[in-house]
1. Give region 151-169 a look and list any residue that's open to solvent by 100 Å² or more (accessible area, probe 1.4 Å) and either aromatic (Phe, Trp, Tyr) or assigned to a loop (DSSP other than H, G, I, E, B) (or both), or say none.
2. Considering only region 120-170, how many residues are over 24 Å from the mean Cα position of the chain (by Cα) and in contact (Cβ under 8 Å) with a residue 40 or more places away in the chain?
3. Hey, residue 127 hits all of (1) surrounded by 14 or more Cβ atoms within 10 Å (Cβ to Cβ); (2) at pLDDT 95 or above; (3) not basic (Lys, Arg) but one; which does it fall short on?
4. Strands (runs of 3 or more DSSP E) wholly in region 1-119 with at least 1 residues that are open to solvent by 70 Å² or more (accessible area, probe 1.4 Å) and touching a residue at least 12 places away in the same chain (Cβ under 8 Å) - which ones?
5. Among (1) in contact with a Leu (Cβ under 8 Å, 6 or more places away or on another chain); (2) within 30 Å of residue 18 (Cβ to Cβ), where does residue 105 come up short?
6. Can you tell me which residue is farthest from residue 149 (Cα to Cα) among those in region 44-78 that are in contact with a Cys (Cβ under 7 Å, 6 or more places away or on another chain) and among the hydrophobic types (A, V, I, L, M, F, W, C)?
7. Against the definition (under 23 Å from residue 24 (Cα atoms) and surrounded by fewer than 11 Cβ atoms within 10 Å (Cβ to Cβ)), how does residue 148 come out, yes or no?
Amino acid sequence: MSDPHSPLRLNVGFVVAQSAGFSRGFPFDLPQINIPPDLHLSGLSGVVRATRTPQGILMQVDLQTQIELECVRCLTDFQQSLDINFTELYAFSQRYVTDSGLLMPETGFIDLTPVLREYVLLEIPISPLCWQGCKGLCPMCGNNLNESDCFHEEEVGDPRLASLKKLLDG
């Protein structure tokens, strides 16, 4: 069960009490979720599977979501779909801690918020595009070239540099 005030905080205490190999899925279907301080996700859905192992609780996360981004070419906001898949071990003791350094809390509740935040940030494209063929902005007037074309006269350069232009063109 998850906490309604913090839906990414899962009660896995009953999984700890089971024998190794026991597994339980936690389905997610959240229309909106905010991950502090600045991530606003919509349509978070999928399954988180908690499996009891001798070393700890293995969390297998398979979620889909959307995030609003700004296109690097035309500067318009758009919804980007993200697939978030990861596996992390919440170890029972320091002896079994992995590189991520996650320990099973004594309360029996695992809060996936900080880990999910890291994986969402890793999935966001470095140069997000609203669509692959985005034309961007006009360098002369700043018009969005996806919405309309611009017709500007070719800029006449400095006549003193004309001989250099001939070298570049020829």
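1. 151, 153, 154, 155, 156
2. Residues that pass the stated criteria total 5.
3. Residue 127 satisfies all of (1) surrounded by 14 or more Cβ atoms within 10 Å (Cβ to Cβ); (2) at pLDDT 95 or above; (3) not basic (Lys, Arg) except (1).
4. 6-11, 23-35, 39-52, 56-70, 77-91
5. Condition (1) is where residue 105 drops out.
6. Of the residues in region 44-78, the ones in contact with a Cys (Cβ under 7 Å, 6 or more places away or on another chain) are 71, 73-74, 76, 78.
Right, trim to among the hydrophobic types (A, V, I, L, M, F, W, C) and you get 71, 74, 78.
Numbers: 71: 18, 74: 13, 78: 21 Å.
Ranking the candidates gives 78 first.
7. Spelling it out, it is not the case that residue 148 is under 23 Å from residue 24 (Cα atoms) and surrounded by fewer than 11 Cβ atoms within 10 Å (Cβ to Cβ).
The values are calculated or read from the model by the stated rules, or taken from the named source; none is laboratory data. Note that the structure is a prediction, hence the values are computed from the model and not measured. Positions of Cβ are generated from backbone atoms using ideal geometry, with glycine treated the same way; all protein chains shown enter the neighbour counts. What goes into the accessible areas is simple: the full protein's heavy atoms, side chains included, and nothing from ligands, DNA or RNA. Shrake-Rupley method; radii C 1.70, N 1.55, O 1.52, S 1.80 Å.
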